[in-house]
Each structure stands twice: as C-alpha cells, then as structure tokens.
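The values are calculated or read from the model by the stated rules, or taken from the named source; none is laboratory data. Given the structure is predicted, the values throughout are model-derived calculations rather than measurements. Don't worry about glycine lacking a Cβ; one is built from the backbone with ideal geometry, like all the others, and counts go over all protein chains shown.
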Amino acid sequence: MATADIDVDTVDTDLFQDPEDYYPPTPPPTTQTYTTMNGDIITLHLVGHSPTEAHHLWNGSRVMAAHFESHPELVRGRTVLELGAGAGLPSIVAAAVGARRVVVTDFPDPDLLETMWRNVRGCGLIPGVSEEEQELPIVVEGLVWGADPGKVLGYLEGGGGDGDGDGEKGEKGEKGEKGEKGEKGEKGFDVLILADLLFRHSEHGNMLRTVRQTLKKSRESKAFVVFTSYRPWLQHKDLAFFDVAREEGFVVEKVLEKKMDRPLFEKDPGDEEVLKTVTGWELRWPEEALKGGGR
C-alpha cells in the first residue's frame, strides 16, 4: 500500500506514547522530627526526591545538632555556614542556641531552597521567628561546592536576602574578590558544617575548596565534618577526604563517635556496626597559615 493511501485519521498515535504509569511518580514531600534536649519538637520538611539526596534526614545531621545542643559554646555568638544542608537541622539548632549569623546552603534548586526556608520559618526556637521579624539570624542560600562563594560571604557584612527567596540582595562588589577574601583571612565563617557529605567521593576536592574559601583564618575556627559510611565496603574512600585535607595543610582531629540504635537504612548491605556509627571530625587551620592575620 502506498503512503498516500494511509488514512491518518485512523492511525492510532497513542500506540507510540508511553502508558501513564510507565514512569514512576515523583514521591511526595515528607516530614521528619527532631526532639531537642528540652523536649521541644522541630518539624523538618523534606523534598519528595532529590538527586543530591536531600530527601533524607541523615544521621550525621541529627548527631551534629545534638552536639551543638550539648556544647552551645561552639556556635553561640559565632557565624556558621552549612554545606549541603538538605533539611538544615544543624543550622537551625545552631541558630536556636545563639549563633550570631547562620547561612544554610545546598544546591541552588528552587524547591530545595524553599523547603529549607520553610523549615527555618517554621521553627519557633529561632530568635525572631515567633515575632515574624524580617531580619532573622539565619538565612538560606544556594551554593555549589567549589564555586565562587561571594554571595554567601556577603552575608557576613550584613547583606543578603530579605527573607523571601534565595538571598538575591546578598551580593556586594565583585564575586571573585569576595571568594578570595575568605581564603586570605580578611573574612570568613567561624564554624562550617559538613554533615553526611563524604559519600560523594568525586566532590571531596570541591568541598575542601569551599572550606578553604569560607573558613575564617583564626585559631578558633573549625569545620565540623560528621558522617556515616553508608557503604561500608567503600569506607576507605570516605576517609580519603581527610587524607586530602591533610595534604592541603589542614589539621584534622576526630572529636566524637556516636552509635545509633539502628542503621538509617536497615536493609542496606554491609557491616551493621559500621552502618550504625556516626563519627565527627574537626578541620582547623595550621599554625603557619595563621601567621600575619590569624588570632
């Protein structure tokens, strides 16, 4: 039969379309809770799915939040930056126990950033939230590891967003100049948080670049790195982060270890004891890096 003889009105075009249930639907958003030492409950909203794994509330975040509760002097009156924050729990607790300025960051996905804002605005333990004040001690911003952190560093000067978005007003001057200032010690955050990020082995270099650019050059400054080896057979690759950190001159010290009651993902393969264990480490500037500018 010639092509011209085909009656296009009778061709079943649906034959070439995927069935409605061919692709699995995107999971809906979920919530998790965290109970403080005083019995207050913090509700955390999570995106339904994220390629950056932000749809989980990781054990490292819970342990870091509890550590700040037990040792509020680590963040009280200080500036705090969290990388790859997801739900932002450690940042929220840091703000609640008295941090002067907290910047919660993750990949600049609009849904993810809005979810983090929702968690911030929904926590009445943070000063100013219950009174619906415009100026809060905590803000949300998008940040890609290894990229120019100029906008994030801008919040240290009192710049930043107006609380209604991703902080578009936080940028002042040349971004590149700001990124360099963090490394030179002219400005930077007192405390950095990296909670359960080390499983992204290919990003270790970019994470450390951001640490170098944003951690204040001071003897008191610390980057807290907490994690579980969720793939126990690759634990050596997780720990390689600290080898690279030492090669780049950071002082590395293990500061905590917490055994959870059960693994976060109970059906995961591997050594259950490793899957239940959260360890915490500090990165600090070496003494030689502080000469001429550090405290």
Taking the criterion of being in contact with a helix residue (DSSP H, G or I) (Cβ under 7 Å, 6 or more places away or on another chain), basic (Lys, Arg) and in a helix (DSSP H, G or I), would at least one residue in region 95-106 satisfy it?
no
Specify the residue that is farthest from residue 91 (Cα to Cα); the eligible residues are those in region 210-223 that are hydrophobic (A, V, I, L, M, F, W, C) and either in a strand (DSSP E or B) or without any contact (Cβ under 8 Å) to a residue 40 or more places away in the chain (or both).
215
So residue 91 ticks every box in (1) within 13 Å of the chain's Cα centre (by Cα); (2) farther than 19 Å from residue 192 by Cβ; (3) part of a helix (DSSP H, G or I) but one. Which box is left unticked?
(2)
Tally time: how many residues in region 58-85 are assigned to a loop (DSSP other than H, G, I, E, B) and touching a helix residue (DSSP H, G or I) at 6+ places or on another chain (Cβ under 7 Å)?
2
Which of the residues spanning region 237-249 are closer than 11 Å to residue 212 by Cβ and either touching a residue at least 40 places away in the same chain (Cβ under 8 Å) or polar (S, T, N, Q) (or both)?
248, 249
Of the criteria (1) part of a helix (DSSP H, G or I); (2) modelled with pLDDT of 95 or more, which one residue 193 fails
(1)
Considering only residues that are farther than 18 Å from residue 75 by Cα, modelled with pLDDT under 95 and of a type in the set (A, V, I, L, M, F, W, C), which ones fall in region 117-138?
129
Yes/no for residue 198 being within 28 Å of residue 76 (Cα to Cα) and within 14 Å of the chain's Cα centre (by Cα):
yes
Would you mind telling me which numbered condition in (1) crowded, with 22+ Cβ neighbours inside 10 Å; (2) assigned to a loop (DSSP other than H, G, I, E, B) residue 148 fails?
(1)
Only one of these conditions is not met by residue 111: (1) more than 22 Å from residue 206 (Cβ to Cβ); (2) of a type in the set (Asp, Glu); (3) at pLDDT 95 or above. Which number is it?
(3)
Any residue in region 144-156 that is among the charged types (D, E, K, R) sitting within a Cβ distance under 7 Å of a residue that is surrounded by fewer than 22 Cβ atoms within 10 Å (Cβ to Cβ) and assigned to a loop (DSSP other than H, G, I, E, B)? List the pairs, counting only those 6 or more apart or interchain.
151/171
Checking 226, 255, 278, 274 in turn, the sole residue that is in a helix (DSSP H, G or I), at negative phi and hydrophobic (A, V, I, L, M, F, W, C) turns out to be 274
